[in-house]
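Each value in this text was obtained by applying a stated rule to the coordinates, not by laboratory testing. Bear in mind that the values here come from a model prediction, so they are computed numbers and not experimental data. As a convention, Cβ positions derive from the backbone with ideal geometry for all residues, glycine included, and neighbour counts pool all protein chains shown.
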Amino acid sequence: MRRALPVGVLLLTAGCGSAHRVVISAGGHIGPLRMDRSSQADVVSFAGKPDAERQGGEGGGFAGFTAVGYGCGATARDDRFPMLETARGREGPYCETVFWVNRHTGGLADFYTSSRKYEERQGVRIGMKTAQAERLLHRRVDVGCEENVYLGKRDAALTVGFDGGHPRKVPGSSTLHLVGGHVYAFTLHGADSEIGIFDCL
C-alpha cells in the first residue's frame, strides 16, 4: 500500500517527455541531470515541455518549489502521483513523472517516476518482478512504512518502490519480507535541496 504524501498542485499544459530509456542512479543521476545541481531549465531541456507545472511549498512547512510533471492526466491511477493536496483530499492532475526544483537553491530537489522510460543503473525496471529486482540489487525488500529498497547515502538517495505481493515473516526475526509483487516507482532525493515531498518513498 503506497502512502507517499504529495504536496502542491500542477496545472495542465501541453507537452511531451523523452522517448528513450533513461538510467537513474543512487549517486543522483537521471540521465544527464544531477540532483542538487540541475536547474529547471536543465530539466525542461532534457525532458521537453512539461504536461503540468506549478509553484508551491511556501507557508506549508516545505521549501518553495517549482514542480514539472510528465505523463499527466485528470484521472487517478495507481501509477501516477496526485499533485493536488486540499482540505477535501487529493485531486488531480496525476503524473507518471515529476521533477521538483527547490526555488531557494535552484537545484533539482526531488524526483518521482513510474514511467517505463526510466531504469535503475543495475537494470531494475518498472514492472520487474520483486525477486528479479532483489537479485540485481543484492538487497531484500522488507515491509515497513512501504515496501521499498533504499540505495545511496551521500550525494542522493534512491528509493525503489514495490507494490503487490504479500509479507512473510523472516525466520528468527520480527522483520517482514515481501514475497511476490513488482517494482512500481523510483524516487530520488537531493542531499542539499530536498524539500520533503514524500513520507516513505
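Gain in length, His166 to Ser39, computed as 0.36 nm per residue apart minus the alpha-carbon separation, to one decimal in nm?
On the way: separation 127, 0.36 × 127 = 45.72 nm, distance 3.96 nm.
Residue separation times 0.36 nm, minus the Cα-Cα distance, leaves 41.8 nm.
Picking from Thr159, Asn148, Gln122, whose Cα lies most toward the positive end of the charge dipole for segment 113-163 (charges on Cβ: Lys, Arg +1; Asp, Glu -1)?
Gln122
Using unit Cβ charges (K, R positive; D, E negative) and no other charged atoms, how large, in debye to the nearest 20, is the dipole of segment 104-154 about its Cα centre?
On the way: 10 positive and 7 negative charges, 55 e Å.
With only Lys, Arg, Asp and Glu charged at Cβ, the dipole is about 260 debye.
Rounded to the nearest 0.05, what FRET efficiency do Thr175 and His20 have when you use their Cβ-Cβ distance and R0 = 35 Å?
Numbers: r = 38 Å, r/R0 = 1.10.
According to the calculation, E is roughly 0.35.
For segment 111-161, what does the alpha-carbon gyration tensor say about shape, rounded, prolate or oblate, given a ≥ b ≥ c as the root eigenvalues, a/c under 1.5 as rounded, and a/b over b/c as prolate? Walk me through the intermediate numbers first.
Working: a/c = 1.28, a/b = 1.01, b/c = 1.27.
Rounded is the answer for segment 111-161, as its axis ratio a/c remains below 1.5.
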